[in-house]
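The values are calculated or read from the model by the stated rules, or taken from the named source; none is laboratory data. Note that the structure is a prediction, hence the values are computed from the model and not measured. Counting neighbours? That spans all protein chains shown, and the Cβs are built from the backbone with ideal geometry, glycine included.
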Amino acid sequence: MKRICGLIAGLAGMCAAHAAEPAPYVVAYSDTHPFSQGLIAFLTEAYKRVGVTIVARSYPPARSVEMANRGEADAEAARVPDAMGDMTDLIPVPAAIGQNDTFAFTTGAKVAIDGWDSLRPYRLCVTVGDLITMKRTKGMTRQTVHDLPSLFRMLASGRCDIAVSDGASWLAIDTLNLGHFRMIDTPIQSFPVYHYVNRRHADLAPALAKTFVEMQEQGAARDILSPYLERIRDSRLRNSVVP
């Protein structure tokens, strides 16, 4: 009987120890954005420097930020502040992790770009999870899609005149052989990009901000991201309409 009781007590102790294991720190990111791998590599190193091991989990773009806002994930990898008005439970780490440039893509036409309002005469293709683009093109003639392949296939088929996306789209265009396009060099808009943590992790924000700045000043950010940026440049060269 003592042996049985001892065994039961031992199993109970094991279960209690297992139950006490901390939940993983989950960073949500968009499963459709081609630059996500580089971004997660940067964040993995940054969190490691502040003593936190992260688990990166991909979701559809709109769901990613919603999961973090609801606390079902601990952080959202990267977003633009202008699109975050409704995400009141997310706190930006107060140091930008980079800059996002939004561009107009065509099948070859050269169009003059001067801010968002210059898109108004055209039929647009936009991605639902791209919150800032959805916000800025509201009321314009547009068709929405849920991923980059659909965005550029729709453009190639002539169902829109302009696809709105960022420069990292060249990776998807190249990998999936989506066609040849022209990216208008003048950005529609440029803005800083921030990493967001759920407010229950607000105490991490200052340390992460300090680490982001240090990684940029020390060249660590450049070293991590350079291979991905080179792939974007090479992909553009292979898939651009010329001249």
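Key figures for this structure:
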quantity: Extreme residue, surrounded by the most Cβ atoms within 10 Å (Cβ to Cβ), among residues of region 68-83 that are assigned to a helix (DSSP H, G or I) and among the small types (Gly, Ala, Ser); calculated: 68
quantity: Filter pass, residue 129 being at pLDDT below 95 and under 24 Å from residue 81 (Cα atoms); calculated: yes
quantity: Options 65, 27: the member that is surrounded by 15 or more Cβ atoms within 10 Å (Cβ to Cβ), closer than 22 Å to residue 128 by Cα and at pLDDT 95 or above; calculated: 27
quantity: Residue identified as within 24 Å of residue 25 (Cα to Cα) and outside the structural domain of residue 214 (by TED's automatic domain parsing) among 51, 129, 139, 108; calculated: 129
quantity: Residue 95 more than 15 Å from the chain's Cα centre (by Cα), in contact (Cβ under 8 Å) with a residue 60 or more places away in the chain and surrounded by fewer than 18 Cβ atoms within 10 Å (Cβ to Cβ); calculated: no
quantity: Among the candidates 163, 156, 209, residue that is touching a residue at least 40 places away in the same chain (Cβ under 8 Å), out of contact with any strand residue (DSSP E or B) (no Cβ under 7 Å at 6 or more places or on another chain) and assigned by TED's automatic domain parsing to the domain that holds residue 128; calculated: 156
quantity: Count of region 216-232 residues which are touching a residue at least 24 places away in the same chain (Cβ under 8 Å) and either part of a strand (DSSP E or B) or under 19 Å from the mean Cα position of the chain (by Cα) (or both); calculated: 8
